[in-house]
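Participant: Input: one structure, supplied below.
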Amino acid sequence: MPRFPDGFLWGAATAAYQVEGGNAGSTFAAWEKVRGWEPCGLAADSWRRWPEDIRCLRELGLGAYRFSVEWSRVEPRPGEYDEAALARYREQVRALAEAGIRPMVCLHHFSEPAWLYELEPSGWTSPRCAGYFLRFVERVLAAFQGEVRDWLTFNEPMVWLLLGYGLGHFPPGLRSLFSLERVLGENGPQGTVLRAHEEAYRLIHRAVPAARVSVAQNIVDLRPASGDPADARAVRDLDLLMHGRFLDRAHAAKTLDFIGVNYYTGIFVRAARLPLFPAGALPGYAELERALGPRLFRLLGGRRGEAPRSDMGWEVVPEGLGRVVRRVWAAYGLPIFITENGVADGTGELRAAFLQDHLAALRGEIERGARVLGYLHWSLLDNYEWGSFRPRFGLYSVDRAGDFARRPAPGARAYADIVRENEGGL
Ligand code: IFM
């Protein structure tokens, strides 16, 4: 594979709730019981075993690590901060720096303190949530004492809002099936989140003038299901709703230093025959096909592709990463950071080729002129996939039934080889 540019950052990503364990004050801890989900429990026990995680990063030769700070742990009661927890995160940041690994800190990765929804039952529909969040951000900034340069304010805000405020699958469990466009539009919770992002951006830059700040936007490669111009319009409208609008607004407010892209899959989109779907689009998401059942999904005009599927049912579409990067670069002209990309691969048969093919597509866009700062593989470890430990995204498996030992999973060696081949850059 051709080499990546000098200074390109190779890394891996996790999120607090998915790996730390013991986050009993999170909205998700209660939610697991309500929904009958597999409990997250100790997860990968990274709250205690983070030095082992750093050893894994070093073993792979990685130079960047994205993790998140768990709001419910740092602020267990409104306005009460756990200084020991903040000190523990600071210790982790320092240990990463000593190991030559650049931290990227995400401030909001789905999980929130349960008290937030006791105070604000309609959640981010209330502008007050932004105020609580920003107070937490200030405490984290003070704790890190300017030692972290790369920041993400929100992880996948549109996915989180869709699941929590539209489909009722995440806390706070609000459903607005027939008004998804309102939830995802500026006058709903999305507007509050956007304002919180913009203000957090300013706070971070005030505390760390050299900071690089963004959001991690989940961007799916959308293709029209047929040559019908209505399908092309549906692609454009869905793209705007799920990807573009939030980024456009944040970009216009000059609150993005780069674009964080989480890329997993590509889907076909058909113009919806029934006015049920937002943006007039019937998207070929695996989750929608599962919810409707394959027959009804097809009857409504849904189309899935022929590519191999991961354990999430997501089609593996490496060229889609290239198309997404091309579109994002053309739209914003800002550097791009691949903040997540990975595959749920229980048999271990997919990951090595997945990495090679996605990185080849990414390299192609760099050659065409896109500026890409780095690539973070999701995930460093097998972790809690919001309801289940079954999907295996990790470069390392975790022996959860035993001593939580981390062992390289299939594909880890392939990633380490790519990283080593690129040492020194072009
Ligand atoms: O595990 C999630 C993560 O929390 C957000 N991005 C997608 C990943 C895989 O589903």
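The values are calculated or read from the model by the stated rules, or taken from the named source; none is laboratory data. Remember, predicted model here, so these are calculated numbers, not experimental data. Backbone-built Cβ (ideal geometry, glycine too); neighbour counts: all protein chains shown. These accessible areas exclude ligands, DNA and RNA; they are computed on the full protein's heavy atoms, side chains included. Shrake-Rupley method; radii C 1.70, N 1.55, O 1.52, S 1.80 Å.
Participant: Name the single residue, out of those in region 106-125 being farther than 19 Å from residue 24 by Cβ and in contact with a Lys or Arg (Cβ under 8 Å, 6 or more places away or on another chain), that is nearest to the ligand (Cβ to nearest atom).
Facilitator: 106
Participant: Here's another thing I want to ask about it. Only residues that are touching a residue at least 40 places away in the same chain (Cβ under 8 Å), assigned to a loop (DSSP other than H, G, I, E, B) and of a type in the set (D, E, K, R): list them for region 97-156, please.
Facilitator: 112, 147, 149, 156
Participant: So is residue 384 open to solvent by less than 10 Å² (accessible area, probe 1.4 Å), within 11 Å of the ligand (Cβ to nearest atom) and out of contact with any Gly (no Cβ under 6 Å at 6 or more places or on another chain) or not? It would help to see each step written out before you state the result.
Facilitator: Values: open to solvent by less than 10 Å² (accessible area, probe 1.4 Å): yes; within 11 Å of the ligand (Cβ to nearest atom): yes; out of contact with any Gly (no Cβ under 6 Å at 6 or more places or on another chain): yes.
Yes; evaluated as a whole, the condition is true for this residue.
Participant: Do any helices (runs of 4 or more DSSP H) lying entirely in region 1-60 carry at least 2 residues that are away from the ligand (no atom under 16 Å from the Cβ), and which ones are they?
Facilitator: 27-35, 46-59
Participant: Let me ask something additional. Within 17 Å of the chain's Cα centre (by Cα) and in contact (Cβ under 8 Å) with a residue 12 or more places away in the chain: does that describe residue 385?
Facilitator: Working: within 17 Å of the chain's Cα centre (by Cα): yes; in contact (Cβ under 8 Å) with a residue 12 or more places away in the chain: yes.
For residue 385, the condition - within 17 Å of the chain's Cα centre (by Cα) and in contact (Cβ under 8 Å) with a residue 12 or more places away in the chain - is met.
Participant: Taking residue 260 as meeting all but one of (1) within 16 Å of the ligand (Cβ to nearest atom); (2) surrounded by fewer than 21 Cβ atoms within 10 Å (Cβ to Cβ), write down the number of the exception.
Facilitator: Checking residue 260 against (1) within 16 Å of the ligand (Cβ to nearest atom); (2) surrounded by fewer than 21 Cβ atoms within 10 Å (Cβ to Cβ), the one that fails is (2).
Participant: Restricting to region 310-332, name every residue that is surrounded by fewer than 18 Cβ atoms within 10 Å (Cβ to Cβ) and in contact with a helix residue (DSSP H, G or I) (Cβ under 7 Å, 6 or more places away or on another chain).
Facilitator: 312, 313, 319, 326, 332
Participant: Taking region 202-238 as the region of interest, how many residues are under 21 Å from residue 338 (Cα atoms), of a type outside the set (A, V, I, L, M, F, W, C), open to solvent by 10 Å² or more (accessible area, probe 1.4 Å) and touching a helix residue (DSSP H, G or I) at 6+ places or on another chain (Cβ under 8 Å)?
Facilitator: Total satisfying the criteria: 2.
Participant: Given the conditions (1) out of contact with any Asp or Glu (no Cβ under 8 Å at 6 or more places or on another chain); (2) in contact (Cβ under 8 Å) with a residue 12 or more places away in the chain; (3) within 16 Å of the ligand (Cβ to nearest atom), report the number of the one that residue 163 does not fulfil.
Facilitator: Residue 163 satisfies every listed condition except (2).
Participant: Could you check region 196-214 and list, in sequence order, the residues that are closer than 23 Å to residue 239 by Cβ and not hydroxyl-bearing (Ser, Thr, Tyr)? Spell out the reasoning first.
Facilitator: Taking region 196-214 first, the residues closer than 23 Å to residue 239 by Cβ are 197-198, 214.
Residues satisfying the conditions are 197, 198.
Participant: State whether one or more residues within region 364-378 are within 16 Å of the ligand (Cβ to nearest atom), surrounded by 16 or more Cβ atoms within 10 Å (Cβ to Cβ) and not in a strand (DSSP E or B).
Facilitator: Here is the first cut: in region 364-378, the residues within 16 Å of the ligand (Cβ to nearest atom) are 375-378.
From what's left, surrounded by 16 or more Cβ atoms within 10 Å (Cβ to Cβ): 375-378.
Going one step further and asking which of them are not in a strand (DSSP E or B), we end up with none.
No, region 364-378 has no match at all.
Participant: Moving on. Just name the residue that is nearest to residue 7 (Cα to Cα) out of those in region 64-92 that are aliphatic (A, V, I, L, M) and buried (at least 19 other Cβ atoms within 10 Å of the Cβ). Step through it out loud before you land on a result.
Facilitator: Here is the first cut: in region 64-92, the ones aliphatic (A, V, I, L, M) are 64, 69, 74, 84-87.
Adding the requirement that they be buried (at least 19 other Cβ atoms within 10 Å of the Cβ) leaves 64, 69, 74, 86.
Numbers: 64: 11, 69: 26, 74: 33, 86: 30 Å.
So, considering only residues that are aliphatic (A, V, I, L, M) and buried (at least 19 other Cβ atoms within 10 Å of the Cβ), the one nearest to residue 7 (Cα to Cα) is 64.
Participant: Out of the residues in region 333-348 that are hydrophobic (A, V, I, L, M, F, W, C) and away from the ligand (no atom under 16 Å from the Cβ), which is surrounded by the fewest Cβ atoms within 10 Å (Cβ to Cβ)? Even if it seems obvious, please write down each step before you answer.
Facilitator: To start, the set of residues in region 333-348 that are hydrophobic (A, V, I, L, M, F, W, C) comprises 334, 336-338, 343-344.
Narrowing the set further to residues that are away from the ligand (no atom under 16 Å from the Cβ) leaves 334, 336.
Numbers: 334: 16, 336: 24.
Only one residue tops the list, namely 334.
Participant: A follow-up question, please. Can you name every residue in region 219-254 that is in contact with a Pro (Cβ under 9 Å, 6 or more places away or on another chain) and within 16 Å of the ligand (Cβ to nearest atom)?
Facilitator: Hits for region 219-254 are 220, 242, 246.
Participant: Among 400, 420, which is the only one that is farther than 16 Å from residue 353 by Cβ, more than 15 Å from the ligand (Cβ to nearest atom) and part of a loop (DSSP other than H, G, I, E, B)? It would help to see each step written out before you state the result.
Facilitator: Numbers: 420 fails: part of a loop (DSSP other than H, G, I, E, B).
Result of the check over 400, 420: 400.
Participant: Assess whether residue 288 counts as being farther than 25 Å from residue 415 by Cα, aliphatic (A, V, I, L, M) and either assigned to a helix (DSSP H, G or I) or touching a Gly at 6+ places or on another chain (Cβ under 8 Å) (or both). If you could, list the steps in order and put the result at the bottom.
Facilitator: Values: farther than 25 Å from residue 415 by Cα: yes; aliphatic (A, V, I, L, M): yes; either assigned to a helix (DSSP H, G or I) or touching a Gly at 6+ places or on another chain (Cβ under 8 Å) (or both): yes.
Answer is yes for this residue.
Participant: Could you please let me know if residue 352 is of a type in the set (Gly, Ala, Ser), out of contact with any Gly (no Cβ under 7 Å at 6 or more places or on another chain) and away from the ligand (no atom under 16 Å from the Cβ)? If you could, list the steps in order and put the result at the bottom.
Facilitator: Numbers: of a type in the set (Gly, Ala, Ser): yes; out of contact with any Gly (no Cβ under 7 Å at 6 or more places or on another chain): no; away from the ligand (no atom under 16 Å from the Cβ): yes.
Answer is no for this residue.
Participant: Surrounded by fewer than 16 Cβ atoms within 10 Å (Cβ to Cβ), of a type in the set (Lys, Arg) and more than 15 Å from the ligand (Cβ to nearest atom): is that true of residue 139 in this structure?
Facilitator: no
Participant: Among (1) within 30 Å of residue 397 (Cα to Cα); (2) in contact with a Gly (Cβ under 6 Å, 6 or more places away or on another chain); (3) not basic (Lys, Arg), which single condition is residue 268 missing?
Facilitator: Result: residue 268 passes all but (1).
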